[in-house]
Amino acid sequence: MSSFLKKNSTLAKRIRNNLSNFWARLIKRTPKSNILSETINQQLVYTLAPSKIPNQRQLHYLQRFLNPRENLAIKICVLIVLANAIFLGWRFCKNHLELSPASGGDYSEGIVGYPQTINPLYATNRDVDSDLVYLIYSRLFAYDGVGQLKSDLVSSFTVSSDGKEYTLKLKDRIKWHDGETLNADDVLFTFALVQDPDYRSPLRLGFDGVILEKVDDLTIKFILPQAYSAFPSLLTFGIMPEHLWSNISPSAATVSELNLKPVGSGPFKFESLIKNKNGRIKEYHLERNNDYYNQPPYLKNLVLRFFPDVNELISAFNDGQADGLSYLPWESKKDLLAQNSLDFQELKLAQVNAVFFNPAQNKSLSDKRVRQALTMAIDCQALINKVFGPAASLANGPIPNFSPFYDQQLAVYNYNKETAEVLLKEALTVKIAGTRKTPARTETASLELTLTAVDTAENHSVADLIKTDWEKIGVKVNLNFVAPEEVNNSIIHNKDYQALLYGEVIGSDPDIYAFWHSSQTGDKGLNLANYNNSTVDKLLESARTALDNNDRLNQYKKIQEAITADVPAAFLYTPSYSYIQTKKIKGFAGQSVVEPADRFSSINDWYLKTKKKLVW
């Protein structure tokens, strides 16, 4: 020991000093015996231990020196500390750690029908083609999730003071799916195809007399023959690439391979397709356009699967072959399995369904009392409840009741069977003059009416209920169902019907000139009731050219009042577009659609995968 202290004089000196200090303090303080003993123990521990904080091994013996009460108190304190730590951690994660969409994942959707011509020139009359055109092609303007018009390819636009010139500036650095640049020349080219009668595009009628000029590579000017406040709503068709279509003749336009393997500039681009043994496309595969000029979609791949009818569509959906259903009739909802795992979206359609009366085909309909009676005899709310449930709402006039232009004070013809019977009897009762031999008398004629409708399951249900209601007031009703492809070219064009059950797509703008102006009667247009009212004509002409929004509101209020009072149609309901997705799909945003394809208005925000993100 002595040799060790000699060799380690510094350590020895420190130990001697510590012992000297300890005994000096001990002698000086002269505590009581028990306090002295405790102090000595503490000093010895402090002298031998390098730290005053007990380690895990020492804490193990703590309970030997604590009474039960002290032991319980310490445990409670420890639990409180842990609980607070967990709470603070949870609150931090809640406030500063959030889940955000991540790229990746495949989405599939089932659709009834098959693609034919995926071409903006011809897709307007076919929902299946319109869906694909919407995803693949871009347009100057598009509708958002609430049915309001927004810019797509356009970065800005101005309107001249007289409302006849629209100058549009395109966004810069937009690429076609093949890498070529989209510019003003492509817009001019597409517009020329629309106006060329040889291409027979249904869009041509909307641009009669309109001139398009190129200002520069990114600027174009539309010159209208007269002011039209709703003109931008016409510019929602897809723009086509000039470098691919310029060498295709009008006769080959509908059979070109580009109609099935199109090249656009939209959020998704063509990848592949699969045909069934009959040559119909049963699957269409799209992939994300990573060069999209707006935010590229989160979804990596999009697959559309096509089925011949609703039954096969539902069966495939129940088997997990699709994540979404493009449209589902309300009566088919009960056939879906695992409904708790599904999101049901009832999107309002800017459409008014009505029975349009055509006096030219049935003279009895020339009497306003007959039209009033037929209108009041239909129990519209009961019809909606039986056929549509919550997937439709009452239509009281020519403009949907959710439109900002709808007249909330509009006087309507409510269901009243008794009044309908009286009106019909008055209208059909004729006085027959008497002679010397026979006294004057009255006779009540009978009314026989044919109701024509497009041949769909939904229209069958609606027409049957209308027939039942009309028969209750003594009307003999014949039902005539026609194939969808015959409606426009034959039935509507020739106005070959007495009463027509049909839906008019109004759009986000309330311009209903095409449906109610007298110039659109006969085979000239879509005035389905052959309605002719000079006052309404003037109001329609003025309202569509007015640039002041309040002025337009007042004029459309008068238009609704006049049309409703004249009863050229029995307004029935505004349908909803029932759209279904599995709950694993996130990001859908939408309340209404102008056309079914508008359900994709927020598709860039749809996502399947998430990532954690720290925010402050």
For this session: Step through the residues of the range 355-361 one at a time and calculate ³J(HN,Hα) from phi using the Karplus curve (6.51 cos²θ - 1.76 cosθ + 1.60, θ = phi - 60°), rounding each to whole Hz and writing x for Gly and Pro.
Result: 9, 8, 8, 10, x, 5, 9
Problem set entry | Distance from the range 435-511 to the range 203-277 (C-alpha centre basis), Å | 38
For this session: May I ask you to sort ASP548, ASP217 by Cβ crowding, counting other Cβ atoms within 10 Å and putting the fewest first?
Result: ASP548, ASP217
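So if R0 is 25 Å, what FRET efficiency would GLU98 and SER602 give, r being the distance between their Cβ atoms, rounded to the nearest 0.05?
0.80
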Problem set entry | Percent of Cα-Cα distances greater than 20 Å, calculated over the range 158-242 | 34
For this session: Rank the residues LYS437, LYS175 as a footprinting-exposure proxy: fewest other Cβ atoms within 10 Å of their Cβ go first.
Result: LYS437, LYS175
Problem set entry | In sequence order, calculated HN-Hα J values of the range 595-609 (Karplus, 6.51, -1.76, 1.60; Hz; x Gly/Pro) | 10, x, 5, 5, 5, 8, 4, 10, 4, 5, 9, 6, 8, 10, 10
Exercise. Which ³J(HN,Hα) values in Hz, rounded to whole numbers, follow from the phi angles of the range 289-294 under the Karplus curve 6.51 cos²θ - 1.76 cosθ + 1.60, where θ = phi - 60° and Gly and Pro get x?
Worked result: 8, 5, 9, 4, 6, 9
Seminar exercise, completed: Only helices counted: for the chain, with every DSSP H run of 4 or more residues adding -39500 (n - 2.57) and the sum spread over all residues, [θ] at 222 nm is -9500 deg cm²/dmol
Problem set entry | Protection-proxy order for peptides 384-394, 348-358, 86-96, each taking the mean of Cβ atoms within 10 Å per residue, highest first | 348-358, 384-394, 86-96
Exercise. Whose amide H sits under 5 Å from the amide H of TRP606, counting only residues 5 or more places off or on another chain, with H placed in the peptide plane?
Worked result: TYR298
For this session: Work out how much length LYS282 to ASP208 would gain on full extension: take 0.36 nm times their residue separation and subtract the Cα-Cα distance, in nm to one decimal.
Result: 22.9 nm
Exercise. So for the range 147-190, what percent of the C-alpha to C-alpha distances run longer than 16 Å?
Worked result: 51
Exercise. At a Förster radius of 35 Å, what calculated FRET efficiency corresponds to the Cβ-Cβ distance of ASP127 and PHE87, to the nearest 0.05?
Worked result: 0.10
Seminar exercise, completed: Listed with the fewest Cβ neighbours within 10 Å leading, PHE189, PHE306, PHE317 appear as PHE189, PHE306, PHE317
For this session: Give me the distance in nm between label points sitting 7 Å out from Cα along the Cα-to-Cβ direction at LYS275 and THR429, one decimal.
Result: 6.8
Exercise. Using 16 Å as the cut-off for backbone N distance, which residues of the range 385-411 belong to the label zone defined by a point 7 Å from the Cα of ASP309 along Cα→Cβ?
Worked result: none
Problem set entry | Residue-count net charge about SER130 - beta-carbon cut-off 10 Å; Lys, Arg +1, Asp, Glu -1 | -4
Seminar exercise, completed: In nanometres, the difference between 0.36 nm per residue of separation and the alpha-carbon distance of ILE76 and ASP198 is 35.2 nm
Exercise. Distance in nm between label sites at LYS524 and THR442, each 7 Å beyond Cα in the beta-carbon direction?
Worked result: 4.0
Exercise. How far apart, in nm, are the 7 Å Cα→Cβ label points at LEU479 and LYS363?
Worked result: 3.0
Seminar exercise, completed: For SER108, the residues 5 or more places away or on another chain with a placed amide H closer than 5 Å to its own amide H are VAL303, ASP323, GLY324
Exercise. Packing-wise, with mean Cβ within 10 Å as the measure, how do 532-541, 334-343 rank, highest first?
Worked result: 532-541, 334-343
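The numbers here are math on the coordinates, done by the rules we state, and not lab data. Because the structure is predicted, anything quoted here is derived from the model rather than measured. Backbone-built Cβ (ideal geometry, glycine too); neighbour counts: all protein chains shown.
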